Amino acid sequence: MPELAFRRLVLGVTGGVAAYKAAELARLLVRSGVEVRVVLTEAATHFLGAATFQAITGQPVYTDLWDTRSPQGMAHIELTRGADAVLVAPASADFMAKLAQGRADDLLSTLCLARDCPLLLAPAMNRQMWEHPATRRNVAQLVADGAVLLGPAVGEQACGESGYGRLLEPQQIVDGLDAHFRPKLLKDRRVLITAGPTYEAIDAVRGITNRSSGKMGYAVARAALEAGAQVTLVSGPTCLEPPPAAQVIPVVSAQQMLEAVESQVDAADIFIAVAAVADYYVLNPSEMKIKKDAHILTLELAPNPDILANVASRPQPPFCVGFAAESENLEEYAELKRRRKHLPLIVANDALEAIGTDEVALLLLDDDGQHRLPRADKLTQARRLIEHIARLYHGLFQ
Ligand code: CTP
């Protein structure tokens, strides 16, 4: 469901090396159907020219408070009239300091002050600038004034240092903007999610795992964040980039996943167990690499704890959602699993179809019966699932 199509956005670009990413950002926004009006600060023009943005957006680009092209000659007010949001990306330390003080000495800062639509800021600066008490103060003030922060990310910076202050990637900024416009069905609810496979060591370099990619669990985490939840993602080994706003706890084995979940579950309102937890672990794994010889190697396997069943059987469990991947008798086996683990909701899918693919059909089973979610990409399914969870959760607890 595109939340961005037909939106009107003012994209402010301030001066900083990361400004080069703003051209790609503008391109992605236009491709999502957004009408983008770009405003450059004077400093930004040292990194990128107005012609670039004009070509990408097909709209006039503004840099000057005294621009007379707008109908009443008041670009600082007219540009945000009818806009759905102002997004400043990258937002420099200097520009945020100016905004925090409510100063208005150029076009972009003036229209940030003279607006009645949301303001989103994607900061980008050197890590020491980001960590400086003055910047911390300014950021806290801007958030208190209602600005929404997208990032920054942690990582390598243009100056060669590494830390917090990197601009989010353009697609992550588009995703953050998209999330901003989605209904906040789980506002401020705390959602705990397990995702990915677990890995049970056989020796120092080998182990037992499964083909779960983690894509469904990560999509559920993103959909819950979009719905306004605070998300903790306990993730087995995957190659995926987690959503920037999630608290991520990386784990390897089922035992570690259980410990991570137990450390978080008291604070959770909703627990969604998407992980494909290995059913068994290897008793006495070797600390060294096992050398091959001509003999038969016997591994002793012991059952892993059932994380979801443990959580669901607590005296006051959070709202628990399980997944059931079945290769036959989907509805019957999934419903048996739901009852055995005392779950208000289970999400069933075809095990052979779901592994490694990007599109799945899901069947939701709850006390009201069955609800089919016809085949779609995993993010779309995750959003539908979160809508369903929010309906049940609010029905039960409010
Ligand atoms: N689960 C869990 N901890 C485990 C095993 C499973 O939390 N040790 C959770 C999964 O995250 C999923 C659900 O339980 O939500 C799957 O149930 P399970 O009975 O494990 O399914 P299968 O492993 O597919 O069981 P079976 O082989 O009996 O079909």
Exercise for review: From largest accessible area down, sort Asp188, Asp368, Asp64, Asp175; use a 1.4 Å probe on the protein chains.
Suggested key: Asp368, Asp188, Asp64, Asp175
Review point. Given a 1.4 Å probe and the protein chains all in place, what does the accessible area of Val86 round to, in Å² to the nearest 10?
Key: 0
Revision key, fill the gap. Under the 7 Å Cα-to-Cβ spin-label approximation, Arg182 and Gln370 lie apart by a distance in nanometres of 2.7
Review point. How much accessible surface area, in Å² rounded to 10, belongs to the heavy atoms of Glu161 with a 1.4 Å probe?
Key: 60
Exercise for review: Would you please calculate the Kirkwood hydrodynamic radius of the chain over all C-alpha pairs and express it in Å, rounded to one decimal?
Suggested key: 23.4
Check your understanding: Can you give me the Cα centroid spacing of the stretch 148-189 and the stretch 1-41 in angstrom?
Key -> 14
Check your understanding: Between the stretch 309-352 and the stretch 77-119, what's the alpha-carbon centroid distance in Å?
Key -> 48
Exercise for review: From largest accessible area down, sort Arg182, Arg136; use a 1.4 Å probe on the protein chains.
Suggested key: Arg136, Arg182
Point to revise | Listed residues Ala140, Ala204, Ala122, most fluctuating in the chain (Gaussian network, C-alpha, under 10 Å) | key: Ala204
Point to revise | Rounded to 5, percent antiparallel among DSSP beta bridges of the chain | key: 30
Revision key, fill the gap. Counting only DSSP beta bridges with both partners in the stretch 250-398, the antiparallel fraction in percent, to the nearest 5, comes to 60
Exercise for review: Quick one: angle between helix 378-397 and the longest Cα principal axis of the chain, in degrees between 0 and 90, rounded to 10, please.
Suggested key: 80
Check your understanding: Gap in Å between the Cα centre of the stretch 55-70 and the Cα centre of the stretch 289-306?
Key -> 68
Review point. Of the cross-linked pairs Lys98/Lys215; Lys184/Lys215; Lys291/Lys378; Lys215/Lys292, which ones have a Cα-Cα span greater than 32 Å in the structure shown?
Key: Lys98/Lys215; Lys291/Lys378; Lys215/Lys292
Point to revise | Area projected by the alpha carbon convex hull of the stretch 147-270, averaged over all directions, nm² | key: 9.6
Check your understanding: Accessible area, 1.4 Å probe, largest first: how do Glu287, Glu78, Glu300 sort?
Key -> Glu287, Glu300, Glu78
Point to revise | For the stretch 224-336, share of DSSP beta bridges that run antiparallel, in % to the nearest 5 | key: 25
Practice item. Quick one: compute the contact order of the stretch 287-342, relative version, from alpha carbon pairs under 8 angstrom and 6+ residues apart, as a percent. Key: 30
Review point. Does a label point 7 Å from the Cα of Ala158, set along Cα-to-beta-carbon, have any residues of the stretch 32-48 with amide nitrogen under 12 Å, and which are they?
Key: 43-48
Review point. At a 1.4 Å probe, what is the % contribution of carbon and sulfur to the accessible area of the stretch 8-88?
Key: 55
Revision key, fill the gap. Hits in the stretch 185-211: amide N under 20 Å from the 7 Å Cα→Cβ extension of Lys289, namely 200-209
Practice item. Between beta-carbons, use under 15 Å as the cut-off and find the net charge around Ala204, counting Lys and Arg +1, Asp and Glu -1. Key: +1
Practice item. Report, to two decimal places, the Cα Rg of the stretch 180-252 normalised by 2.2 N^0.38 Å (N = number of residues). Key: 1.25
Revision key, fill the gap. For the chain, the longest principal axis of the Cα atoms and the Cα long axis of helix 170-181 enclose an angle in degrees, to the nearest 10, of 90
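Could you give the length gained on full extension between Gln247 and Ala351, defined as 0.36 nm per residue of separation minus the Cα-Cα distance, in nm?
Values: separation 104, 0.36 × 104 = 37.44 nm, distance 2.82 nm.
Full extension from Gln247 to Ala351 adds 34.6 nm.
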Practice item. Report His295's accessible area, 1.4 Å probe, all protein chains in place, as a number in Å² to the nearest 10. Key: 140
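The values are calculated or read from the model by the stated rules, or taken from the named source; none is laboratory data. Just so it is clear, the model here is predicted, and its values are computed rather than measured. No Cβ is skipped: glycine too gets one built from the backbone with ideal geometry, and neighbour counts run over all protein chains shown. Accessible surface is based on the protein model in full, side chains and every heavy atom, while ligands, DNA and RNA are left aside. Shrake-Rupley method; radii C 1.70, N 1.55, O 1.52, S 1.80 Å.
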